[in-house]
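First comes the structure, then the notes that go with it.
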Amino acid sequence: MSTPGLRGGIERFGNTVGRVLNRGGSASAPRLDLSHNIILYLEGISVSFDGFRALNNLSIYVEAGELRCIIGPNGAGKTTMMDVITGKTRPDVGSAWFGQTVDLLTLTEPEIAEVGIGRKFQKPTVFAEHSVFENLELAMAGNKSVWRMLFAKMTPEQHLRLDEVLETIGLKDHRSARAGSLSHGQKQWLEIGMLLMQDPALLLVDEPVAGMTPQETERTAELLVSLAGKHSVVVVEHDMNFVRSIARTVTVLHQGSVLAEGSMEQVQNDPKVIEVYLGDGH
Ligand code: ADP
Ligand code: MG
């Protein structure tokens, strides 16, 4: 499963046939090439903090359009893995590729966002004084000047996109509501919507259902499932019921490496997993 150098091997085929997406942006932005149907290659990644190995020879491959769940006990390295993908933390060794052609380790955090990787942090960071609609409008501006954006008229396409996102996140009837007045779950959905305005090819979501009601948790599962296909989604989550309700492939992280990978059924019955994680009161 975690064959070192998988991407390198594939790349020797050379020519990039199939789907090549240009995500717009600046002319210098690298193109996302999904011709081998893999959107993310993490290979042999290690990260040390003061001699402590938070990630230890980690290899993970995510398919285009996949919804992948990453589980694992506290300190397993889940957030550090996301930090590596988004350029916040640089690994000591290893490689991280976005599709066939984009070497994430050579890009800055803003460049990684621009090339099509969106990240949702645990705490929602919506603009409380602005309406749901305005939050989405502001998110569309991306790296462009907010002022330029506010004074520009939205194109019909942008209006359509905004309506589509409102529908996806289930906040159509709340478009005029002040973001600060939304429930915790609604704020989380709004923030996912704000990421969607940038139309990221890959969406990273860290513990989305923490603090949510059971109904909100269920709705979040539906939302993430609905995004798969159009986007690739990597979800880090502790809540086992939630993972069970959405997961296709589950990767179990432990001490910075992949302990097990497969269906929820498979990993749940894996003795290694039972020992270090599930049997551990989680
Ligand atoms: P998880 O998200 O799976 O709970 P993390 O990736 O946050 O795990 O952390 C993995 C390990 O690395 C933990 O032991 C944590 O204390 C350590 N760690 C994470 N970030 C830092 C940092 N910036 N400095 C030092 N240690 C860190
Ligand atoms: Mg974490």
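Run the numbers for Asn57 and Lys153: contour at 0.36 nm per residue of separation, minus the present Cα-Cα distance, in nm. Before the final figure, lay out each step's value.
On the way: separation 96, 0.36 × 96 = 34.56 nm, distance 4.86 nm.
Full-extension gain reported as 29.7 nm.
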Fill in the blank from the handout: Any lysines whose Cα falls less than 30 Å from that of Lys123, other than same-chain ones fewer than 8 residues away, would be Lys78, Lys88, Lys144, Lys172, Lys187, Lys230
Problem - For the range 35-150, alpha-carbon Rg relative to the globular expectation (2.2 N^0.38 Å, N residues) - result: 1.23
Fill in the blank from the handout: Between the modelled labels at His130 and Arg248 (7 Å from Cα along Cα→Cβ) the distance in nm is 3.3 nm
Practice task
State, to one decimal in nm, how far the label point of Ser226 lies from the label point of Ser263, with both points 7 Å from Cα in the Cβ direction.
Solution key: 2.6 nm
Handout entry: Under 17 Å from Lys153, Cα to Cα: aspartates and glutamates that are on another chain or at least 8 residues apart
Key = Glu134, Glu137, Asp163
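Throughout, read-outs are computed from the coordinates displayed, never taken from laboratory work. Being a predicted model, the structure only gives us computed values, none of them experimental. Methodologically, a virtual Cβ is constructed for each residue, glycine included, from the backbone with ideal geometry; neighbour enumeration extends over all protein chains shown.
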